[in-house]
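**Student:** Attaching a single structure in structure tokens format; questions to follow.
What follows draws every value from the coordinates through simple rules; no lab data is involved. What you are looking at is a predicted structure, and each value in this text was computed from that prediction instead of being measured. Glycine also receives a Cβ, built like all others from the backbone with ideal geometry; neighbour counts cover every protein chain displayed.
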Amino acid sequence: MIARIWHGTTPTAKADEYLVFLQRRALPDYRSTPGNRAAYILRRGDGDVTHFTTLTHWESLQAIEAFAGADIDRAKYYPEDSQFLLEFEPTVQHFELYS
């Protein structure tokens with residue numbers, strides 16, 4: 001199992017709206033990809049900035065590639081992200097997942 005972790009920041013004033021967007025658009029996209037085993041959103045306020053982390057679990061690198069494209073280390077963004085994010089971090093992190 002592989003964990004994929006993405007991080008982004010929004011102005012705190014837009015955090016609630018971005019969370020709704022993630023729940024309606026991003027999570028269903030992750031979860032509908034064959035090989036996705038779980039998808040979570042982590043949120044942490046820090047003054048005027050709110051941090052979002054998506055944590056997804058995948059059965060294989062090939063499943064991640066089906067979601068993210070050939071360069072699996074590259075972050076995947078949606079057109080709507082430009083309305084919320086303060087910057088576009090170019091990469092994500094992958095970890096082997098054990099229980």
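**Student:** So, in the range 25-53, how many residues would count as being β-branched (Val, Ile, Thr) and within 14 Å of Ile2 (Cβ to Cβ)?
**Tutor:** 1
**Student:** Determine the pairs where a residue that is touching a residue at least 40 places away in the same chain (Cβ under 8 Å) and farther than 15 Å from Leu97 by Cα, located within the range 32-50, has a partner that is of a type in the set (Gly, Ala, Ser) and part of a helix (DSSP H, G or I) with Cβ atoms under 6 Å apart, the partner being 6 or more residues away or on another chain.
**Tutor:** Once the first residue is touching a residue at least 40 places away in the same chain (Cβ under 8 Å) and farther than 15 Å from Leu97 by Cα and sits in the range 32-50, its partners that are of a type in the set (Gly, Ala, Ser) and part of a helix (DSSP H, G or I) give Thr50/Ala15.
**Student:** Considering only residues that are without any contact (Cβ under 8 Å) to a residue 40 or more places away in the chain and either buried (at least 16 other Cβ atoms within 10 Å of the Cβ) or in contact with a Pro (Cβ under 8 Å, 6 or more places away or on another chain) (or both), which ones fall in the range 1-26?
**Tutor:** Selection gives Ala15, Leu19, Leu22.
**Student:** Any residue at all in the range 46-66 that is part of a strand (DSSP E or B), surrounded by 11 or more Cβ atoms within 10 Å (Cβ to Cβ) and over 14 Å from the mean Cα position of the chain (by Cα)?
**Tutor:** Within the range 46-66, one or more residues are part of a strand (DSSP E or B), surrounded by 11 or more Cβ atoms within 10 Å (Cβ to Cβ) and over 14 Å from the mean Cα position of the chain (by Cα).
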